[in-house]
Amino acid sequence: MKNKVSIIGAGMTGSTSAHWLAEKEIADIVLIDVVEGMPAGKALDLQEALPIVGKDVSIVGSNDYQATANSDIVVITAGLPRKPGMSRDDLLSANAEIVRKATQETIKYSPNAIFVILTNPLDVMAYLAMKVAGVEPHRVVGQAGVLDSARMRAFVSMELGVSVENIHCYVLGGHGDNMVPLTRTSNVAGVPLNEILPADRLAAIVERTRKGGGEIVGLLKTGSAYYAPAAAISQMVEAILKNKHLIVPAAAYLTGQYGLKDIFFGVPVQLGNQGVEKIVEYKLTGEEQAALEKSARGVVENIAKLKL
Ligand SMILES: NC(=O)c1ccc[n+]([C@@H]2O[C@H](COP(=O)([O-])OP(=O)(O)OC[C@H]3O[C@@H](n4cnc5c(N)ncnc54)[C@H](O)[C@@H]3O)[C@@H](O)[C@H]2O)c1
């Protein structure tokens, strides 16, 4: 029997996630959106591309959540994206209603699904999804760290002219401008970044990583990034479906790790077919820990605004 992945929100990130996932040929895919006809149209277009690339999966689109029944994974991308000048936090109240509805409808039809959340503000929406679905925390994970770390990897590769495959970066913390790109743990073929790059170049890369989403919002003028966020989703979905035990930075529910609890927050997690199998705890310097705590304060404030 094939795996089934339902993607709620068939906009830019949702449909691009379907595209990357179809290329991996690891699951049948369902796209759901509120816009009439649109998810069916995008699904059909993608389905018609598959003979060309030689992939055999089914992709259907619908406005009816019944189509999501018995999904192994539910990906939630439904919601408003940022406009220039907006922070991710500005999206909170509108997107909370959308994510609440998407979670209620999907858990009804797929009581055993693992949830991968993308909608912003990411850490808060993952917390909301866990509460609304009423599932154990390991079954909910938020995508942010794979993307933020990929941005940092891309910038390091551009700076050094080294293959992205040799570059490992770890961006922790909340998915906002206070995220914490680690410069000691991140490395090029095992050599820490802070030993390879001059301090000013490294500081510039850290800053560009923190503002990486905003850089793209500013260039696009309408909407936010979608190729890289969707590629991140597809890597996480693959890790879960294939039970890879892959360690990636992602938003997970913390119960005291890194001195934080009752919060979804970006930390290194091990992903397998149970969702979040493990949270990896790095030994941080005082400065790194303080930066994480600063980032966490913003997430805690926003979770409080949900009044759950
Ligand atoms: N966590 C991350 O790293 C990350 C990265 C990129 C985007 N995002 C976030 O993902 C979300 C989606 O971004 P996008 O670029 O795909 O936006 P988009 O506008 O292209 O797509 C969003 C889709 O959600 C649909 N939608 C709205 N309400 C819905 C509902 N109640 N049920 C089902 N579908 C509904 C819309 O019709 C639209 O098609 C935004 O909140 C954005 O900020 C997060």
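Screening the candidates I52, I7, I26 for the property of being among the β-branched types (V, I, T), away from the ligand (no atom under 12 Å from the Cβ) and either part of a loop (DSSP other than H, G, I, E, B) or within 17 Å of the chain's Cα centre (by Cα) (or both) yields one hit, I26. When the residues of segment 217-234 are filtered to those that are assigned to a helix (DSSP H, G or I) and more than 17 Å from V74 (Cβ to Cβ), the one that is most open to solvent (accessible area, probe 1.4 Å) is Y227. Hey, could you check segment 274-298 for residues that are farther than 18 Å from Y127 by Cα and without any contact (Cβ under 8 Å) to a residue 12 or more places away in the chain and say which is most open to solvent (accessible area, probe 1.4 Å)? Going through the qualifying residues, I end up with K283. Condition check for K83 on (1) part of a helix (DSSP H, G or I); (2) charged (D, E, K, R); (3) surrounded by fewer than 17 Cβ atoms within 10 Å (Cβ to Cβ): one failure, at (1). Residue count for segment 67-114, restricted to those that are modelled with pLDDT under 95, closer than 16 Å to A10 by Cα and of a type in the set (D, E, K, R): 0.
One residue stands out among those in segment 18-54 that are under 18 Å from F115 (Cα atoms) and touching a Leu at 6+ places or on another chain (Cβ under 8 Å): the one that is most open to solvent (accessible area, probe 1.4 Å), which is I26. Is segment 172-187 home to any residue that is away from the ligand (no atom under 14 Å from the Cβ), part of a helix (DSSP H, G or I) and without any contact (Cβ under 8 Å) to a residue 40 or more places away in the chain? Scanning segment 172-187, I find no residue that is away from the ligand (no atom under 14 Å from the Cβ), part of a helix (DSSP H, G or I) and without any contact (Cβ under 8 Å) to a residue 40 or more places away in the chain, so the answer is no.
Taken as a whole, the structure places V124 among residues that are closer than 27 Å to G256 by Cβ and either over 16 Å from the mean Cα position of the chain (by Cα) or in a helix (DSSP H, G or I) (or both). Considered as a group, the residues in segment 101-121 that are within 15 Å of G174 (Cβ to Cβ) and part of a loop (DSSP other than H, G, I, E, B) include one that is farthest from the ligand (Cβ to nearest atom), and that residue is P121. Entry remark, segment 79-91: residues being touching a Lys or Arg at 6+ places or on another chain (Cβ under 8 Å) and within 9 Å of the ligand (Cβ to nearest atom) number 3 in total. Candidates I240, I247: the one that is away from the ligand (no atom under 16 Å from the Cβ), on the phi < 0 side of the Ramachandran plot, hydrophobic (A, V, I, L, M, F, W, C) and open to solvent by 10 Å² or more (accessible area, probe 1.4 Å) is I247. Of all the listed residues (V140, V146), the sole one being touching a residue at least 60 places away in the same chain (Cβ under 8 Å) and either within 11 Å of the ligand (Cβ to nearest atom) or closer than 18 Å to I32 by Cα (or both) is V146.
Select from segment 254-269 the residues that are more than 14 Å from the chain's Cα centre (by Cα) and either among the hydrophobic types (A, V, I, L, M, F, W, C) or open to solvent by less than 50 Å² (accessible area, probe 1.4 Å) (or both) and write down the one among them that is farthest from A144 (Cα to Cα). Step by step, filter segment 254-269, then rank; the result is G256.
The values are calculated or read from the model by the stated rules, or taken from the named source; none is laboratory data. This structure is a prediction, so every number in the text was calculated from the model and none was measured. As a convention, Cβ positions derive from the backbone with ideal geometry for all residues, glycine included, and neighbour counts pool all protein chains shown. Accessible surface areas use protein heavy atoms only, side chains included; no ligands, DNA or RNA. Shrake-Rupley method; radii C 1.70, N 1.55, O 1.52, S 1.80 Å.
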